[in-house]
1. Just to be sure I understand the model, the point goes 7 Å from the Cα along the line to the Cβ. What's the resulting residue 21 to residue 185 distance in nm?
2. Could you pull the Cα extents of segment 1-57 along its three principal axes, largest to smallest, in whole Å?
3. In segment 106-136, which chymotrypsin sites (Phe, Trp or Tyr not before Pro) are in a loop and have at most 16 other Cβ atoms within 10 Å, using DSSP for the loop call?
4. Which length gain, in nm to one decimal place, applies between residue 160 and residue 258 when the Cα-Cα distance is subtracted from 0.36 nm times their residue separation?
5. Under 12 Å from a point 7 Å along the Cα-to-Cβ line of residue 285: which residues of segment 212-238 have their amide N that close?
6. Treating only the Cβ atoms of Lys and Arg (+1) and Asp and Glu (-1) as charged, compute the dipole magnitude of segment 217-311 about its Cα centre; round to the nearest 20 debye.
7. Could you state the principal axis extents of the C-alpha atoms in segment 216-329, from the largest down, to the nearest angstrom?
8. Could you work out the Kirkwood radius for segment 69-170, taking every pair of different alpha carbons, averaging 1/r and inverting it, reported in Å?
Amino acid sequence: MKVAFFDTKPYDVPGFDHYAAAADLEIKYFETRLNADTVSLASGFDAVCVFVNDTVDSAVVEKLYEMGVKVIALRCAGFNNVDIRAASGKLPVYRVPAYSPYAVAEHAMALLLTINRRTHKAYIRTRDFNFSLQGLAGFDLYGKTVGIIGTGKIGRVFADICKGFGMHILAYDKFPTEDSGLHYVALPELFAQSDIISLHCPLTEETHHLINADSIAQMKKGVTIINTSRGSLIDTEDLINGIKEKKVGAACLDVYEEEGDLFYEDFSGHIVQDDKLVRLISMPNVIVTSHQAFLTEEALDNIAATTVNNLVRYFQGDPDTSTEVCYKP
């Protein structure tokens with residue numbers, strides 16, 4: 001069972017090598033991302049393993065099928081970068097739906113605490129022996145209202161963390177979780193009443209640019225927006241305008257809608273051509289991290305274990321219908 005592993009990073013290899021050895025999987029690691037230009041690298045392999053910025057569109061799916069690849073394994077929860085319709089009847093697609101909801105939810109809170117209390121700025125100041133407190137004032141999280149959009153496992157863990165801070169919680173989900181104890185409201189009410197809004201929903205046609213000029217206009221002046229889900233949930237230009245107009249008080253972004261050609265790479269010695277991202281990073285009330293919310297030792301181990309198990313189950317003829325299956329023929 002040979003697996004072509006795309007968009008490899010050093011932290012991927014130890015966990016996957018460990019579980020692959022026990023499962024008799026042979027993994028070939030490629031640093032390049034999977035797309036129409038690199039799909040030929042998968043020739044001779046039984047499976048491909050891809051991540052969030054690999055492009056598995058209809059052309060790639062068709063080529064994989066023609067080359068005899070039998071299965072696509074995502075080592076992430078979201079599958080918006082895979083053309084599921086194109087895979088229909090050709091290639092089953094697996095994912096990792098719950099590698100660690102704690103990792104992502106804790107990172108969302110870390111971003112909120114950092115932007116609110118300016119700990120990133122304080123750190124830089126004190127490194128230069130500047131102990132001034134000017135411009136470092138934040139606000140108490142206690143008693144504030146946080147609106148959580150998407151109440152799957154990550155959203156519910158984030159809600160539990162917020163409860164620990166004594167925050168009031170409003171929730172929205174197209175499919176509310178029964179017996180969650182959350183107070184569900186319509187989106188307009190959530191926008192209007194929330195001091196902080198955190199996104200934990202998948203990217204679909206319905207949620208694309210969920211945060212836009214119209215929704216921002218409904219929000220409280222000075223609202224803080226957190227996104228650790230998918231970049232295209234937010235219309236970046238509208239967010240920038242909201243910040244410039246001081247409607248949005250702060251933004252915490254672990255994802256960005258045009259991150260595909262930038263995130264996970266080092267561009268520190270280059271001129272970044274993405275003007276929107278450059279403007280965001282230059283703003284003092286914006287924090288951007290490079291899609292790292294998942295990056296804990298526990299999450300990496302769960303991702304490797306689940307992905308390898310998905311492949312083993314498939315090759316043993318037992319793909320079943322669990323939540324790991326995005327699509328099976």
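1. 5.3
2. Here the Cα extents, ordered largest to smallest, are 32, 24, 14 Å.
3. 129, 131
4. Numbers: separation 98, 0.36 × 98 = 35.28 nm, distance 3.08 nm.
Contour length minus the Cα-Cα distance gives 32.2 nm.
5. Correct set: 220-225.
6. Roughly 720 debye for segment 217-311.
7. Taking the Cα atoms of segment 216-329, the three principal extents are 57, 39, 28 Å.
8. On the way: mean 1/r = 0.0591 Å⁻¹.
The answer is 16.9 Å.
The values are calculated or read from the model by the stated rules, or taken from the named source; none is laboratory data. Remember, predicted model here, so these are calculated numbers, not experimental data. Glycine also receives a Cβ, built like all others from the backbone with ideal geometry; neighbour counts cover every protein chain displayed. The protein model used for the area step is the full one, side chains on, heavy atoms only, and it has no ligands, DNA or RNA in it. Shrake-Rupley method; radii C 1.70, N 1.55, O 1.52, S 1.80 Å.
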